[in-house]
Amino acid sequence: MAAVRDNVFPTRMNLTVTKTRLKGAQTGHSLLKRKSEALTTRFRVIVRKIEDAKLKMGKVMQNASFSLAEVAYITGDISYQVRESAKAATFKVSAKQENVSGVLLPAFEPNVLSGPGQFELTGLGRGGQQIQKARAVYIKAVETLVELASLQTAFVILDEVIKLTNRRVNAIEYVIIPRIENTISYINSELDEQDREEFYRLKKIQGKKKERAAAAQRELDDLAKLTIEDGNLHAAVGDDESGVRNILSEQMDEDIIF
């Protein structure tokens, strides 16, 4: 099976661009890996807090149930008195966001209004102490519920984000980076092949030039030989002509004086 790579034209420009992409992919992989580790660490802390909060919630709700049973035993049904006394909320929940490695986690904080309560006269005849105790216990239970809700919400969000981040890390590590590396290997092999072809072409051209130069040199040598032979031939002809008897030059006649 052939290695998976990008369909690019093997040029040095594309090689530089692909190497830049590889560097970016490696940097992104490193950053996402660190993000995953940070989120996983926070996730484990939240899991431990949720476990402690659930154990605490069980004890608090148990105490709250006993307190309500005591109130019901001493004062009877006081639900109508509570509904009549309730005019405004004394327990409020405020929400804020916490940034953890780029992930916004909601955090809920309980706000209990201090001061004279709306239920001061409830149970004035009997059971007032048990009612105030039950109210304090249920406030603590609601605070624990708010804390648990905040932790559970952060747990769900972190679980999804960690899964998504791990998928991205695996995709970059096992798909994107190998594909880019295969593309770089392909471009390098093609460029090496082009260099070998260019070297062979230049070598052949150099060989052809040498052959032509040698042929031209041989032609010059042959022409020089022919020139020398023609010169010797003319010299020989000149010697033969100089060997012919010249009667006019053999003797000098005496001058005749009249």
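The values are calculated or read from the model by the stated rules, or taken from the named source; none is laboratory data. Here the structure is a predicted model, which is why all the values come from computation and not from measurement. Methodologically, a virtual Cβ is constructed for each residue, glycine included, from the backbone with ideal geometry; neighbour enumeration extends over all protein chains shown. Only protein heavy atoms, including side chains, enter the accessible area calculation; ligands, DNA and RNA are left aside. Shrake-Rupley method; radii C 1.70, N 1.55, O 1.52, S 1.80 Å.
Run down Ile176, Ile172, Ile180, Ile187 and say which single residue is surrounded by 11 or more Cβ atoms within 10 Å (Cβ to Cβ), part of a helix (DSSP H, G or I), in contact with a Pro (Cβ under 9 Å, 6 or more places away or on another chain) and at pLDDT 65 or above. Before you say what the answer is, go through the steps one by one.
Numbers: Ile176 fails: in contact with a Pro (Cβ under 9 Å, 6 or more places away or on another chain); Ile172 fails: in contact with a Pro (Cβ under 9 Å, 6 or more places away or on another chain); Ile180 fails: in contact with a Pro (Cβ under 9 Å, 6 or more places away or on another chain).
Of Ile176, Ile172, Ile180, Ile187, the one residue that is surrounded by 11 or more Cβ atoms within 10 Å (Cβ to Cβ), part of a helix (DSSP H, G or I), in contact with a Pro (Cβ under 9 Å, 6 or more places away or on another chain) and at pLDDT 65 or above is Ile187.
Among (1) within 21 Å of Asp195 (Cα to Cα); (2) open to solvent by 80 Å² or more (accessible area, probe 1.4 Å); (3) touching a helix residue (DSSP H, G or I) at 6+ places or on another chain (Cβ under 8 Å), which single condition is Lys49 missing?
Every condition holds for Lys49 apart from (1).
If you scan the range 52-78, which residues turn out to be surrounded by fewer than 15 Cβ atoms within 10 Å (Cβ to Cβ) and either among the hydrophobic types (A, V, I, L, M, F, W, C) or within 17 Å of Asn166 (Cβ to Cβ) (or both)? If you could, list the steps in order and put the result at the bottom.
Looking only at the range 52-78, we keep the residues that are surrounded by fewer than 15 Cβ atoms within 10 Å (Cβ to Cβ), and these are 52, 54-55, 58-59, 62, 65-66, 69, 73, 76-77.
Matches in the range 52-78: Leu55, Phe66, Ala69.
Taking interchain pairs and intrachain pairs at least six residues apart, which have beta carbon atoms under 7 angstrom, with the first residue in the range 123-144 and over 14 Å from Ala72 (Cα atoms) and the second modelled with pLDDT under 80 and open to solvent by 40 Å² or more (accessible area, probe 1.4 Å)?
From residues that are over 14 Å from Ala72 (Cα atoms), the pairs are Ile139/Phe91; Ile139/Val112; Val142/Phe91.
Just one of Leu39, Leu32 is modelled with pLDDT of 90 or more, touching a strand residue (DSSP E or B) at 6+ places or on another chain (Cβ under 7 Å) and surrounded by 12 or more Cβ atoms within 10 Å (Cβ to Cβ); which is it? Break it down stepwise before answering.
Details: Leu32 fails: touching a strand residue (DSSP E or B) at 6+ places or on another chain (Cβ under 7 Å).
The match here is Leu39.
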